[in-house]
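Scroll down for the structure; my scribbles are underneath it.
Nothing in this text is a laboratory measurement; each read-out follows from the coordinates by a stated rule. Being a predicted model, the structure only gives us computed values, none of them experimental. Ideal geometry is used to build each Cβ from the backbone, glycine not excepted, and the neighbour counts take in all protein chains shown.
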Amino acid sequence: AAAMAAGPVASRLVRRQDAAVPQFGRALALAAAVGLAWGRGAETAALEADGKVHDLTTGSFDSAIRGHPLAFVEFYAPWCGHCKKLMPEWEKTATLAKEAGVPVAKVDAIAEKKLAQANGVESFPTLRLYRKDPKVSKIYNGQRTAEKMAEWLKLWRDAELLEPLEASAFQITRWADKRSIAVVGVRGDEDVAVDAAMREVLEATSFALNPQSPGSEVPVGEAPASALAELGLLGQKAPCIVLLRDFDFEEKALAYQPKKASAWKGGYGGFMDWLKAKRVPSLIPAQKDTEQFFLTEIDPGNGLVVLFGGSEALRTDMHELAVRFSSQEKRLKWVHAKADDFGEALGKNVGMTKADFPDVVVWEFGETEEQDKTYRLSQQMDGAEPTKASVEDFVQRWQAGELSAEKDPVLAVTSESFDEVVLESEKDVLVEFYAPWCGHCKSLAPEYKQLAIHYASDPGVAIVKMDATKHKHESAKIEGYPTLKLYAKGAKGSPIDPGFKAGRSKQSLVDFIENNRVTLAKGAKGSKKEGEKEKAKSAAASAPAPTPQKPTKAAKAAAVTASSAEAAVGVWIFDDAADPTSRGTQLSADMVRSQGGFTLVQVDGVGLLLSPGSAAAARQVRRFDTAHAAAEYSRTARAAEAPAAKSAAEAEGGAPAPGRLPCPARADLTSCKAWCQGVWHGDPSEVRPTLGGKSCSELSKGTSKPHDSPACMCYDSGYSALQAMCLSTCSEGKSKEAGSEDVCAAGDASCTAGAEASGSDMAANGHGTPVTRRFFLYDTKYGEGFNLQREVCPEMGGLE
């Protein structure tokens, strides 16, 4: 599981080499605190190809790797579900690899944090194959079965890493034309030791640059000294390594040679540093496999010149400019992003959408992402179209410091400005509380910027962010990053949390705001609440007068929105026939006063409560003059429901011990109430059950999804906290009891795909696909490394 992956493009912005994976270190620290050790304390054994999996530590790693031609190593985290699932295959791989003479080992990345970081570990498990040197390795990305991994090891054990070439320009060119770049080592044919040292550099290069098979991506060969003349490098001396490239406007052959012949020994690192910037053209195509060349190790003041979209002719002009500027302007890298998914994701980082293509942006990097600056050609040069001449002028003006950086559409606030910008504002204000190191915040940033652009001309909505590691505010309790809260006009004291269901794409956030905003959209008159009240009052005025305590149907249809003064009289309770288990629960002050996104619509003693976002979430309510009268009504209602609840519990298999109960096979409100009371460790009358999702009868085969299934949810008496939850299988049999299958980490799709299910053990969800549902307890930083604590399903009480 790519536990630290933060999203496309944005997550890979590396500001400093010593902080390459900030949330990785955080995840390690958190997981270590949990104390879930796997293999901790095991004695380090000498690394041998003996069919066993050996434990390596920082102290033993280098010598172990250098002691073998090949070594296969897994970097794992004790809490990682994928790592636990892999372990049996990993042990089997060690057995099969014995025949190939390849030792197999594992490293606890929690205990050996620095070692894992030094080896570029960004997800778990990471499988690396090493060749003689800790710096020479490749990641295995194939199928994680013992047979496939052992087959891959044998391939590299027997591989010929270098292609022998003749001193023929025709043969070398034909060989090199298979790929955009190729590497040729030219022997000196005088000093055998120097040639051997260069050959070792070549073999290490071939091994590292071709993850699947020799020459699959970058062909590497070896030729005699006379090949230099054939390649047109008459002034170059051997031994040297020649890089052959097929890039427009750029040199076709470049030669590398260390200053001293002795530097060839152990010279792999020096050659790779030289090669890195020359492997790609001056105008780098923006792709997943090239982002490492333009979105890493970026220093403040440096930046990118990015062409978004554009014709082939414009791309060619940009390439020519990139070549010309590269010799004089070392601060800039030039990039071309097509109008594809990757290009769109890159554009969001600078406030661009596909509708803005084609255009050119200078993206200047600051100390942090908050200090980045962007300059768009069309905005800086009075709507000019990107051409060779306009782009050249645009970049020259950036060099001269004549451009004005575009304002970040997301307004940043501090502890000091929060009240003025958020609480005292007449707008509906959405606030993101973020941490600069948070990968999920970086992933959200492009979408959040697009959201701000969307509402830039809307006078009723503001999009705001606050660095919660530096600034605090009493209105927001931050338990994880990012946290989003909507401070609606007139209800600033009760901000609305979208939670996970709202999603974090631009459109899902737009939907959330539109469903919960109090102000009207641009162009509308009055406020949204006032409009609802006037509409309701108008309808009420034309309705027949209701009879006290027995309102007519016409009067009910012409309900009047309660004013704060009117609604506050008496005691309001839930009295929804579709949800009898909530009868008697008093409405909160915000509900009664139509605040916090709620709207109470009433006629005399009955009414409807509209929850934030949708009139479909209407609940029937009733008013009583006294709390005693409301309590008497509630007791009568519960007494009428008790026999039905008892029958439902018996139908589901009797009365298991408190704290454990299979989820109702075909859940409805009555059976959910019985389930909640069964897992509740306190007074059963205090539990407040609700039913979510679709009913089993509503699920249609072939179209339903797992989250459509009925969900029994158990709340405390104040509906302030969800205490237990289960999903019904909608099957005729009984659900599988917790603990009957292996534990998998969240997001482990193989847990469902490989689950064996039959009869009552299958949760079909209406479309016949087996789904294993498990419930896990995480710490409050869920998502920042998947810090799994333990499984809970469906168990209550004693949770620490």
Taking a spot 7 Å from the Cα of Ala263 along the direction of its beta carbon, which residues of segment 124-147 have an amide N less than 19 Å from it? none
Total formal charge among the other residues, if their Cβ is under 11 angstrom from that of Gln396, Lys/Arg +1 and Asp/Glu -1: -3
How far apart, in nm, are the 7 Å Cα→Cβ label points at Ala159 and Glu426? 6.8
Using Cβ counts within 10 Å as a stand-in for footprinting exposure, how do Ile139, Ile513 rank, fewest first? Ile139, Ile513
Mind grabbing the base-10 log of I(q)/I(0) for segment 284-400 at q = 0.15 Å⁻¹? Debye formula, identical points on the C-alpha positions, no solvent, two decimal places. -0.60
For segment 370-455, the spread of Cα positions along each principal axis, largest first, Å: 48, 31, 23
Tell me, what ³J(HN,Hα) does each residue in segment 426-439 have, in order and in whole Hz, if you take phi through Karplus 6.51 cos²θ - 1.76 cosθ + 1.60 with θ = phi - 60° and put x for Gly and Pro? 8, 9, 7, 10, 9, 10, 9, 9, 10, 10, x, 8, 6, x
Could you tell me whether segment 53-158 comes out rounded, prolate or oblate from its Cα gyration tensor? Rule is a ≥ b ≥ c as square roots of the eigenvalues, rounded for a/c under 1.5, then prolate if a/b exceeds b/c, otherwise oblate. oblate
Among Lys407/Lys472; Lys373/Lys442; Lys148/Lys333; Lys259/Lys330; Lys449/Lys472, the pairs whose Cα-Cα distance exceeds 28 Å are Lys148/Lys333
Would you please name the GluC sites (Glu not before Pro) within segment 424-513 that are DSSP coil residues with at most 14 other C-beta atoms within 10 Å of their C-beta? Glu424, Glu426, Glu474, Glu479
Apply the Karplus parameterisation 6.51 cos²θ - 1.76 cosθ + 1.60, with θ equal to phi minus 60°, to every residue of segment 293-304 and state each ³J(HN,Hα) to the nearest whole Hz, in sequence, with x for glycine and proline. 8, 9, 10, 9, 6, 9, 9, x, x, 7, x, 10
When the Karplus curve 6.51 cos²θ - 1.76 cosθ + 1.60 is applied with θ = phi - 60°, which whole-Hz ³J(HN,Hα) does each residue of segment 185-193 get, with x for Gly and Pro? x, 10, 5, x, 6, 10, 10, 4, 5
Cβ neighbours within 10 Å, averaged per peptide: list 81-88, 671-678, 124-131 in order, most packed at the top. 671-678, 124-131, 81-88
Could you work out the Rg to Rh ratio of segment 411-515, with Rh taken as the Kirkwood radius (inverse of the mean 1/r over all Cα pairs)? 0.91
For Val606, the residues 5 or more places away or on another chain with a placed amide H closer than 5 Å to its own amide H are Arg623
Taking a crude spin-label model, label points 7 Å out from Cα along the C-beta direction, the Glu392 to Ser404 distance in nm is 2.8
Post the alpha-carbon centroid distance, segment 267-314 to segment 406-431, in whole angstrom. 37
So which GluC sites (Glu not before Pro) in segment 117-174 end up in coil per DSSP with only 16 or fewer other C-beta atoms within 10 Å? Glu160, Glu166
Percent antiparallel among DSSP beta bridges with both residues in segment 53-158, to the nearest 5? 55
